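Asker: Below you will find the structure I want to go over with you.
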Amino acid sequence: MDALLERGELLAQLDALRAEGGRLAFVGGEAGVGKSALVRAFSERVGGPVLRGACENLTTPTPFGPFLDLGLELDDEPRQVAVAVLDALRTTPVLVLEDVHWADEATLDALRVLGRRLDGTSALVLATYRDDEVESDHPLRVVLGELATARGVVRLSVPRLSVEAVRELAEPSGADGDTIHRLTQGNAFYVTEILASEGGELPETVRDAVLARAAGLPAAARRLLEAVAVVPARAELWLLEAIAPLELAQLGDCLSSGMLHEERDGVAFRHELARLAVESATAPHRRRALHGSVLAALVPTGDVARLAHHAEEAGNAAAVLAYAPAAARRAADASAHREAAAQYERALRHADALSAGERASLLAAYAQETHVIGRHATAVEAGVEAIAHYRALGDTLREGELLAQLPTPYISLGRNADAEAASLRAIELLERLPAGPELIKAYCMQASLRMLARDNPDGVLWGRRALAVAERLGDEEGRSFALNVIGTSHLMAGEFDLGVGFLLRSLDLARAHDNEGRINSALSMLGSGLAEMYELERAEAYLREQIAFGEPRELFVGYPQAWLACVHLYRGRWDEVAPLARIAVHSRHRISEITGWIALGRLRARRGDPGAFDALDEALEVARPGGHLQRLGHVHAARAEAAWLAGDERRTVEEASAVYGLALEKRHLWFAGELAYWQWRAGALEAAPDWVAEPYRLQLAGHVAAAAAAWRRRLCPYEAARTLADAGDEAALVDLERLGARPAAAALRRRLGLRGPRETTRENPAGLTRRELQVLELIAEGLQNRAIADRLVLSHRTIDHHVSAVLRKLSAHTRAEAAARYREISVAAAPKIGGPADVSAPRRP
């Protein structure tokens, strides 16, 4: 684009960020909108050197790809990479990272660290990304959410060009600016490519526009474009000399035409869409030959990720099998597990000629990596196939080892019976062999299954069996694992001091051997286990310790964040709940999602905000397949509370009784106590066992003051006030209103015959619910269902239902008609839409 139109305000913002320093700015916009042009224009204003790196559109990206472009000596550890980048920024304080939507996980991990450590420096980091390709489940979306509240992290959005700007660009060539704008919707790349084609007729697609420009070049220049096009991102000059030595003389024509631009020691297309257009138009046999030439030229570099990509595109199966597994291992070492899984998947596509043992080894590694990234069904499928190969080979050790690993993805899929069968079969096989680490892990896995089912005595027994073998063999990791499951089983049985003691021994042992995974696991069990047992002060300390331990090491911290959201809820810090819960529900980690949805649902119910059951429906849907009391007890207790606060006694009893029998069977102090309490409140239960948690036991026995005092000792102000309110004690109003617990406060006022503040209501002529009015408002803003779901922290399925209901109630055939109807009723509906109390569904930053 010769003139950078309608970008002055954005450039001014970037200038201000540079002056402030210590900033990471995510520059978003749809593909081709002009993000690269914006950062190039800004770079020219800097007046000095600018560091640049770009993510490549490889099918499997190179770990730390954009940081490798900086020419730094890099470690395989994200923290060290970030430290190296920060050091480089001391002398060159502006860094541009392009296309981070293509970033590998290792790069995203390093970016997380940068985002947290830039504050206080003089540096500015700009990271461009395609926001139209970053859906709610995209890895970058998680990073954006995690960094949303970090100091110094901001987001900028590059808008499309207006029709006036397109007319101005089209005027010199005499083209029809209005038609171009209508065809392109103001996308800067589309506009400039169409105008640059200089054809008599407007191309129908951008691909046609790109190819039209290329067609005007000499044949040798077009062949050079084809060579550049098969190399994602930048093609180094030395690489072009190797694969297209004769055509390289035409580089000047390609540069002057605007098809390519210089980029350090190489050249690249001005836009990835142009590269893809040229690559797709290259004849298949020539494209394969070019990839083969690139492969041969890249061999000395040892860049196994690039080599694997070009090997596959060249149809060279032997080279794929040589490089893809090595690239996978390197990615896994850098915690880029998604890329590792993709590389193993690539290798398996070409593994027909491998022996059964070689294929089994690949499948086992693939199963491990897909499990880590949450592709549990794939992990099970690959694991089962690997096990079949080892069984056929008579390799009982490897068969048993992999069987012992299967329960975890099985449980994630709700296939509890399969998990039990795999675990027991693993033990059966491994007990035939001399005891080793594999048997210890199999025993520990069975102990974990018993603990997850809250069969706590059996969890202790299996854990002690694992511990005995580990101590006999001197396996310190096995000892730590066994102590962990023994301690957690005791803790879940209500034996707090005993359980915490075992867990602390596990933690000390893991720390002595610097075992990162076992340290993290011990902190996780201490934090989440104590939180489930309402030992909130100790739980919070361990949850914060786990987060502090995990974040700088780039370990997953969504689970402790989800539980910390619950701790904040129970301790009455309601404004701190939603930010953490929102991260958890978008984490793609099923257990974290459940706990996050529970925190959001309970918060909304207690405040009287809309959407409580929307959140709790999500929690139940995710929790139901597992069938564990660990999740279902928590979910149904929250749903019973929400039903009671909504005034639905029948549903309160249904929810509270759904897993009450299971809670009694497992003797879970807190789930049995709360589920009994809600049935008692609804008049469906007279008494509970005398072993349930103290506050519930005291209240159901009529000792109201003692029950409230027990809640206060556990730092639960809402539950303490609720206990007094149940007895009609007016003193509870102060705490309920201070917390913003409108439903409970209103109920107590009605019971006491007190007048109080009421929310003003106005007639809703459309008959929409409060949530439907929120959805209608966002429809009127022009948001599509995915964006509405993201804004309201709800699932796409839930939003689909709400939108259908809105259209039906408004008798609207289209979203435009619904938006028009909204404007008619907006004055009447305004007090109901959103609302100051609906902080649990914040707008996207």
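The values are calculated or read from the model by the stated rules, or taken from the named source; none is laboratory data. The structure displayed is predicted, hence computed values, not measured ones. When we count neighbours, we look across all protein chains shown, and the Cβ atoms used for this are built from the backbone with ideal geometry, even at glycine. The protein model used for the area step is the full one, side chains on, heavy atoms only, and it has no ligands, DNA or RNA in it. Shrake-Rupley method; radii C 1.70, N 1.55, O 1.52, S 1.80 Å.
Asker: Report ³J(HN,Hα) in whole Hz for each residue of region 25-33, in order, from the Karplus equation J = 6.51 cos²θ - 1.76 cosθ + 1.60 where θ = phi - 60°; Gly and Pro get x.
Answerer: Whole-Hz 3J(HN,Hα) from phi for region 25-33: 10, 8, 9, x, x, 5, 4, x, 6.
Asker: Long-range amide H contacts for A127: which residues qualify at under 5 Å (H placed 1.01 Å from N, peptide plane, sequence gap of 5 or more or a different chain)?
Answerer: A25, F26, V27, L97
Asker: Using the Cα atoms of region 1-140, I'd like the radius of gyration and the largest Cα-Cα distance, Dmax, both in angstrom.
Answerer: My reading of the Cα-based Rg and Dmax gives 14.5, 42 Å.
Asker: Hey, another quick one. Starting from the alpha-carbon convex hull of region 147-259, give the projected area averaged over all orientations, in nm². Could the numbers behind the result be given before it?
Answerer: Values: hull surface 40.9 nm².
In nm², the orientation-averaged hull projection of region 147-259 is 10.2.
Asker: Could you bin all the Cα-Cα distances of region 434-473 into 5 Å bins starting at 0 and give me the percent of pairs in each, rounded to whole numbers?
Answerer: Percent of pairs per bin, in order: 7, 31, 31, 18, 11, 3, 0.
Asker: Which whole number of Å³ per residue matches the convex hull of the alpha-carbon atoms in region 265-351?
Answerer: Values: hull volume 10.4 nm³, N = 87.
Enclosed volume per residue, from the Cα hull, is 120 Å³.
Asker: Using mean Cβ contacts within 10 Å as the protection proxy, how do 817-824, 160-167 order, highest first? Walk me through the intermediate numbers first.
Answerer: Values: 817-824: 16.2, 160-167: 19.1.
Packing proxy ranking, top to bottom: 160-167, 817-824.
Asker: Given Cα pairs under 8 Å that are at least 6 residues apart, what percent is the relative contact order of region 602-659?
Answerer: On the way: 54 pairs, mean separation 19.0, N = 58.
Relative contact order here is 33 percent.
Asker: For region 494-636, would you read off the P(r) tail past 19 Å as a percentage of all alpha carbon pairs?
Answerer: Numbers: 5175 of 10153 pairs.
Roughly 51 percent, rounded to a whole number.
Asker: Relative contact order for the chain: what is it in percent, counting Cα pairs under 8 Å that are at least 6 residues apart? Please list the in-between numbers first.
Answerer: Details: 1397 pairs, mean separation 56.0, N = 845.
Relative contact order for the chain comes out at 7 percent.
Asker: Right, another one. Per the Debye formula with a single identical scatterer at each Cα and no solvent contribution, what log10 I(q)/I(0) holds for region 215-368 at q = 0.11, 0.20 Å⁻¹?
Answerer: Result of the Debye calculation: -0.48, -1.16.
Asker: Per residue, how many Å² of accessible area does the chain show with a 1.4 Å probe? Show your work: numbers first, answer last.
Answerer: Details: 34030 Å² over 845 residues.
Per residue, the chain has 40 Å² of solvent-accessible surface.
Asker: Still on this structure, I have one more. In Å and from the alpha-carbon atoms only, list the Rg and Dmax of region 412-542.
Answerer: 14.3, 46
Asker: Whole angstrom only: what separates the Cα centroid of region 149-194 from the Cα centroid of region 781-808?
Answerer: If you average the Cα positions of each part, the centres end up 28 Å apart.
Asker: Take the Cα gyration tensor of the chain, multiply each eigenvalue by 5, square-root it, and list the three semi-axes largest first, rounded to whole angstrom. Walk me through the numbers before you get to the answer.
Answerer: Details: eigenvalues 515, 290, 104 Å².
Listed largest to smallest, the semi-axes of the chain are 51, 38, 23 Å.
Asker: Per-residue HN-Hα couplings for region 310-317, Karplus 6.51 cos²θ - 1.76 cosθ + 1.60 at θ = phi - 60°, whole Hz, x for Gly and Pro?
Answerer: 6, 4, 5, 5, 7, x, 9, 4
Asker: List the aspartates and glutamates whose Cα sits under 13 Å from the Cα of K809, skipping any in the same chain fewer than 8 residues away.
Answerer: E772, E817
Asker: For the pair D508/H801, report the inter-label distance in nm, with labels modelled 7 Å from Cα in the Cβ direction.
Answerer: 5.1
Asker: Next up: Region 645-775: percent of C-alpha pairs farther apart than 20 Å?
Answerer: Values: 4612 of 8515 pairs.
Result: 54 percent of Cα pairs exceed 20 Å.
Asker: When only alpha-carbon atoms count, how far does region 101-160 stretch along each of its three principal axes, as whole angstroms with the largest first?
Answerer: 32, 29, 18
Asker: T301 to V163: FRET efficiency via 1/(1 + (r/R0)^6), r the Cβ-Cβ distance, R0 51 Å, to the nearest 0.05?
Answerer: Numbers: r = 48 Å, r/R0 = 0.93.
With a Förster radius of 51 Å, E is 0.60.
Asker: Taking the C-alpha atoms of region 577-668, how large are the radius of gyration and the largest Cα-Cα span, Dmax, in Å?
Answerer: 12.7, 36
Asker: Could you please state how large a percent of the accessible area of the chain is carbon and sulfur, counting protein chains only and using a 1.4 Å probe? If you can, show how the numbers build up before the last one.
Answerer: On the way: 16940 of 34030 Å².
Percent of accessible area from carbon and sulfur atoms in the chain: 50.
Asker: Here's something else I'd like to know. Given the C-alpha atoms of region 490-560, compute the convex hull and give its volume per residue in Å³.
Answerer: 71
Asker: Right, here's the next one. Hey, what do the phi angles of region 224-237 turn into as Karplus ³J(HN,Hα) couplings, whole Hz, using 6.51/-1.76/1.60 and θ = phi - 60°, x for Gly and Pro?
Answerer: 3J(HN,Hα) across region 224-237, in whole Hz: 5, 4, 5, 5, 5, 5, 7, 10, x, 6, 9, 9, 5, 4.
Asker: Calculate the length of the line joining the C-alpha centroid of region 434-471 to that of region 287-352, in whole Å.
Answerer: 39
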